[in-house]
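A.B. asks: Attaching a single structure in structure tokens format; questions to follow.
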Amino acid sequence: MTISRRRFIGAGAALAAGVGIVATTGVRIAGSAQAASAATPGAVLRSRDGLLRATLTAALGPAMLAGQQIPGLLTYNGRYPGPQLRVQPGDRLQLRLRNRTGLATNLHFHGMHVSPKGFQDNVFLTIDDGSDLEYDVQVPKDHPGGLNWYHPHLHGLVGPQVYAGLAGLLLVEGGIASRPEVAGLRRRTLALNSVALAGTDAPSLVPYEPPASQNIHLVNGMHLPQIGMQPGETQFWQIANIGYAAYYTLQVPGGRIQVIEEDGAPAWRATLPQTMLLPPGKRLAWIHRWVM
């Protein structure tokens, strides 16, 4: 995949002796049997018996970012990005949000078809520092299956808090992923975002709104991750731009893709694009076949 002016990934899909050849920044596609994927979703919290009950602690502190311990991040449960949430249509999502950020915050379930009232997807709620709030979200039984995400949505603080790390994937099971043609494929869920780091001996997060030239671009919080894939293999990739500003233009050299999901729901019509634009908040999913 190659990217736009705020470059994210530039991965060649060619092989040399079973090892993926990669550009200076990018996802590396490796074909060796030992090439377990480094582009993993991290912690996954799944619903059981119709309920996902969990605690998210939004806090200021160090976390692993691009393979290094970086101070000054805002994270959910100490993870960058936050834990991936997985629910079924008809489930209840009960989340206790503990705010230890030093700022006011709240939660927005981006892309979800749920109520904005009460303690559901209500962006007018304010959770002060040191306070907790119990979200109780009912997912409709007819909710489309697909990839969404969650992040703060407090007016005036959205960009800085998302940039500092408060974001995570929210996946509704079912939809196109449950179709027989897709269900048996290996599945990848990838979160894209960008940050800027200062220093080399003791790197730290650069304050909000750094110059674009200082940004590094991450996949599931990792720089230059590796994805295992054999020549001729077909996989199902779901990708979300959970950053605050970067626009990504994705390409897949050496691969054939068919986009079948967009913005958290099955696409009206499958497409075979040469490039794909992902502005902030955008989600796409495709069938990815690697050809030599």
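A.B. asks: Quick one: among Arg179, Arg86, Arg100, which has the greatest mean-square fluctuation in a GNM of the chain with alpha-carbon springs under 10 angstrom?
C.D. replies: Arg179
A.B. asks: Taking the range 44-175, how much of its Cα-Cα pair set, in percent, is spaced more than 23 angstrom apart?
C.D. replies: The calculated P(r) of the range 44-175 puts 28 percent of pairs beyond 23 Å.
A.B. asks: Apply 1/(1 + (r/R0)^6) to the Cβ-Cβ distance of Ala202 and Arg100, taking R0 = 25 Å, and write down the FRET efficiency to the nearest 0.05.
C.D. replies: The computed FRET efficiency comes out at 0.60.
A.B. asks: Under the rule a/c < 1.5 gives rounded, and otherwise a/b versus b/c splits prolate from oblate, where does the chain land using the Cα gyration tensor?
C.D. replies: Because a/c hits 1.5 or more and a/b fails to exceed b/c, the chain counts as oblate.
A.B. asks: Relative contact order, percent, of the range 99-190 when contacts are C-alpha pairs under 8 Å separated by at least 6 residues?
C.D. replies: Taking the mean separation of contacting Cα pairs over the length of the range 99-190, I get 28 percent.
A.B. asks: For the range 189-271, count all C-alpha to C-alpha pairs, find those more than 20 Å apart, and express that count as a whole percent of the total.
C.D. replies: Roughly 47 percent, rounded to a whole number.
A.B. asks: Taking the Cα centre as origin and putting +1 on Lys and Arg beta-carbons and -1 on Asp and Glu beta-carbons, what dipole magnitude results for the range 44-175, to the nearest 20 debye? Walk me through the numbers on the way to the answer.
C.D. replies: Details: 11 positive and 10 negative charges, 51 e Å.
Once rounded to the nearest 20, the dipole reads 240 debye.
A.B. asks: Below 8 Å between Cα atoms, with a sequence gap of 6+, how large is the relative contact order for the chain in percent?
C.D. replies: 22
A.B. asks: Treating the beta-carbon of each Lys and Arg as +1 and of each Asp and Glu as -1, no other charges, what is the dipole magnitude of the chain about its Cα centre, to the nearest 20 debye?
C.D. replies: With Lys and Arg at +1 and Asp and Glu at -1, about 580 debye.
A.B. asks: Sticking with this one: Given R₀ = 45 Å, FRET efficiency for Ser115-Leu60 by Cβ-Cβ distance, to 0.05?
C.D. replies: After rounding, the FRET efficiency stands at 0.90.
A.B. asks: So, one more: What's the extension gain from Phe124 to Lys141 if we count 0.36 nm per residue and subtract their Cα-Cα distance?
C.D. replies: 3.6 nm
A.B. asks: Here's another thing I want to ask about it. Grab the other residues whose beta carbon is less than 12 angstrom from that of Asp91, score K and R as +1, D and E as -1, and report the net.
C.D. replies: Computed value for this residue: +3.
A.B. asks: Putting +1 on Lys and Arg Cβ atoms and -1 on Asp and Glu Cβ atoms, find which of Pro81, Gln68, Gly184 reaches farthest to the positive end of the dipole of the range 55-199.
C.D. replies: About the Cα centre, the residue reaching furthest to the positive side is Gly184.
A.B. asks: Okay, moving on. By how many nm would the segment from Gln274 to Gln251 grow when fully extended, if each residue of separation counts as 0.36 nm and the alpha-carbon distance is taken off?
C.D. replies: Once the chain is fully extended between Gln274 and Gln251, it gains 7.6 nm.
We did not get these values from a lab; they are worked out from the coordinates using the rules stated. The model shown is predicted, which means the values in this text are computed figures rather than measured ones. Backbone-built Cβ (ideal geometry, glycine too); neighbour counts: all protein chains shown.
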